[in-house]
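> Sharing a structure here in structure tokens format.
Computed from the coordinates by the stated procedures, all read-outs in this text should not be read as laboratory data. Computed from a predicted structure; not experimentally measured. Every residue, glycine as well, gets a Cβ built from its backbone with ideal geometry; the counts of neighbours run over all protein chains shown.
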Amino acid sequence: MANKAKELPALSVSRLTKPGLHFVGGVAGLALHVNQQGARSWILRAMIGGKRREMGLGAFPDVTLAGARELARIAREKIKEGIDPIEDGKAKRSALLALRASSMTFSEAATAYISVMEAEWTNDKHAKQWLSTLTAYAFPVIGNIYVREIDHTHIVRVLEPIWLTKTETATRLRGRMENILDWTRVRGYRTGENPARWRGHLDMLLPTPGKVQKVEHHPALPFDALGEFMVLLRQQEGMGARALEFAILTAARSGEVRGARWSEIDLDDATWTISAERMKARKEHRVALNEEAVVLLKSMQHSSEFVFPNNKGTQLSDMTLTAVLRRMGRGNITAHGFRSTFRDWCSERTNYPRDVAEMALAHTISDKVEAAYRRGDLFEKRRRLMRDWGKFSSKVLTVASVTSITEKAAA
């Protein structure tokens, strides 16, 4: 057993500045080490497993004399119990580092997941929408909680305040949290069941969304009013108006139109080929351009690579087409709703098969058997459909006035 040195008071210890090892007493083997540069630190010298070892206890004066003596006493108690305090400390530090490396808060996980997945998303708005809803509703509640600790009570706390009032948003938020937590499980940041799953779990705690609030579709213009609307739209100036006109004539999505490039357009063949990475279904899509769309494209005169650029020559923002509708006093409808207008017209005013209309809209075939047997893209049939759509869009329908027999007799 080491001999105890004379127990020095704190003031005497603070005056020890000579390089070397100074035993301060109070606990056997406790010393203050002063290096050549004058830096001071605590050392405990002890026999561990038959070997003399030196254990660092921290720097002075961050660790006071009293604190060093307490740490030294704890270390010696461990030695008596057969525990190597040096190796024990290393193991605990290693475990802490491993825990930190395998720990991730929900907000960190969400940011990482979005960063990974946005390369797969066809629309830039997806990442913004994900981050927006998570920031508004999830992060204030579970953002700083480690994903391994999140359970169903946390998820319910996020969803309950908006489940009845903002059901559609809450439903999407639940799905997003479920995806993020699934990703963290696969990456090793959590184990067990996903607390955000719906079937057999949250469906027992929250009302069914479909019974809370009816799903609202994109407000659409009745197809009989399209011709009159197009007359007014063509009177509007600006690139946004032309983009909206083109979107209607092609029944394309807003993002596909705003991102359209001249390199995708073949005016001679009246074809617009959109690459797979720009399509929602990740599949190349050919659009048959009707005469009205070709005339519109030929009227465009600028040097940008985009067909419908903004003032800086880059892509229009996602609100540009909406702004056009608002200026026209038609804020009650959406640009996307014109795809519904087209679909309603196909069903009620034409004899074209359903699959021709669906392919014109670049909809994914949900029936796997049907998808397996359908190899072509029905392009020539779609060309005839789009030709008829272009002609219909330029036709202003009028309501015939009827004169009653009584009025005619009176005249």
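> Quick check: the angle from helix 239-250's long axis to the longest principal axis of the chain, C-alpha only, nearest 10 degrees?
Its long axis makes an angle of about 70 degrees.
> Kindly express, to the nearest 10 degrees and within the range 0 to 90, the angle between helix 106-117's C-alpha long axis and the longest C-alpha principal axis of the chain.
Value to nearest ten degrees: 50.
> Based solely on its DSSP helices, what 222 nm [θ] is calculated for the chain when runs of n ≥ 4 H residues each add -39,500 (n - 2.57) and the sum is averaged over all residues, nearest 500 deg cm²/dmol?
The helix contribution divided over the chain gives -13500 deg cm²/dmol.
> Would you list, by chain and number, the aspartates and glutamates whose Cα falls below 19 Å from the Cα of residue 391, excluding same-chain residues fewer than 8 positions away?
Partners found: 224, 228, 245, 269, 291, 292, 344, 348, 380.
> Identify which of the listed values of Rg/Rh (Cα atoms, Kirkwood Rh) was calculated from the structure shown: (1) 0.98; (2) 1.28; (3) 1.01.
Answer label, from the structure shown: (2).
> While we're here: Multiply the residue separation of residue 16 and residue 66 by 0.36 nm, subtract the distance between their alpha-carbon atoms, and state the gained length in nm to one decimal. Numbers along the way, then the final one.
On the way: separation 50, 0.36 × 50 = 18.00 nm, distance 1.59 nm.
In short, 16.4 nm is gained.
> Work out, step by step, the length gained on full extension between residue 232 and residue 117: first 0.36 nm times the residue separation, then minus their alpha carbon distance; give nm to one decimal. Present the calculation step by step, with values, prior to reporting the outcome.
Numbers: separation 115, 0.36 × 115 = 41.40 nm, distance 4.08 nm.
Using 0.36 nm per residue and subtracting the Cα-Cα distance, I get 37.3 nm.
> What FRET efficiency comes out for residue 384 versus residue 277 if R0 is 25 angstrom and r is the Cβ-Cβ distance? Round to the nearest 0.05.
Details: r = 29 Å, r/R0 = 1.15.
Taking R0 as 25 Å, the efficiency between residue 384 and residue 277 is 0.30.
> Which is the longest run of the chain containing none of the trypsin sites (Lys or Arg not before Pro) found in DSSP loop states (not H, G, I, E, B) with at most 14 other C-beta atoms within 10 Å?
16-198
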